[in-house]
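No value in this document is a laboratory result; all are computed from the given coordinates. Only a predicted model underlies this, so the values are computations on that prediction, with no experimental measurement involved. Virtual Cβ from ideal backbone geometry, glycine too; neighbours counted across all protein chains shown.
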């Protein structure tokens, strides 16, 4: 196995998460330079998120059909080219289009690299460490986004938050070309275009409707997703998401918990940032610095502690969520917020890698790409839905208490799925 394989997939995950986080501090400068309206500015963020979430399943299936190496390199090329276009944008429309193209590249790249982790690292302990490193790299990307975004915007220009991806992407393409094996997929099926159209449009409409609180897109999204399930179950010769995947041990409970976990992550990073700025008077830089200890804690726990606690990680993580969010709901100052977020970040580090592994580890290699896309899609959609729901609450304390309640539900699902797994193992042993 090439020595650069794990660093490669971790670097790709870092770049994807970095790009989602780095934009926030540059938005005021972007608004002034390109003449965005207040509502139009949101599309600099949402244009990326919508294409990323909506095309993830298609990217996962493409990785299975055309090969992980080919899709990783293609995703890096699309992402880098779109970053160059974003950095050179002269109009608001040009920047939004470039951000949407970045989302396309990320939707190709994320499931392909997750599939590499799932197929290249087959021994359980090694795979657990690989998932932990992959998860931790996303945490580093989120942490670096706030710091690097502020530094580049202040010291150079907002354009460099995008242009920095170009040399990084070029270097990663060179590494991918030399380290990823030239595997030939077993299947030569065509892409499921009907499934891709209904699934992508359904997810996009649902996420859009939830983001903007619009009923019609939500209804359309639900109907399209229902059509997608019908197409996959009855009509597709080579379904984009084979429904048999949900019969694979761990996929259904793992995906469900990742959907709920989106609410945990949103409450932790988004709403604690607002709490620090709107309630305790921090500016954007001080708020980012106040969240840095939690980000470091997440990285350390995900990388070094979670792999050593494969069975106890989720229950301990849920206990951290309940304690940390309970404290956050009563926080009276910045010091209390920092202390509480350290506890929550410990829970995230213990939980997230094990959930990703649970949702993908037992899937056949031929379906590894779509399994990775499915897991990531559930997590992204959960984040979007929870953001829209939490935004209707009248106080941050209610947001954090709701997040603690989500943790209880995750713990219950984890406990139930663990008991079912133990019963299946007992039946196997007796046979």
Mean projected area (nm²) of the alpha-carbon convex hull when region 99-157 is viewed from all directions
5.0 nm²
Under 1.5 on a/c is rounded, so check that first for region 94-212, then, if it is not, pick prolate when a/b is larger than b/c and oblate when it is not; a ≥ b ≥ c are the square roots of the alpha carbon gyration tensor eigenvalues.
oblate
For region 1-191: relative contact order, % (alpha-carbon pairs under 8 angstrom, 6 or more apart):
41 percent
Hey, rough spin-label estimate for residue 222 and residue 84, points 7 angstrom out along Cα→Cβ, what's it come to in nanometres?
4.5 nm
Under the rule of -39500 (n - 2.57) per DSSP H run of 4 or more residues, summed and divided by the residues of the chain, what mean residue ellipticity at 222 nm is obtained, to the nearest 500 deg cm²/dmol?
-25500 deg cm²/dmol
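Please compute the volume of the convex hull spanned by the alpha-carbon atoms of the chain and report it per residue in Å³.
Considering the Cα atoms of the chain, their hull volume per residue is 137 Å³.
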Taking each pair of distinct Cα atoms in region 1-191 once, what is the resulting Kirkwood hydrodynamic radius in Å?
16.9 Å
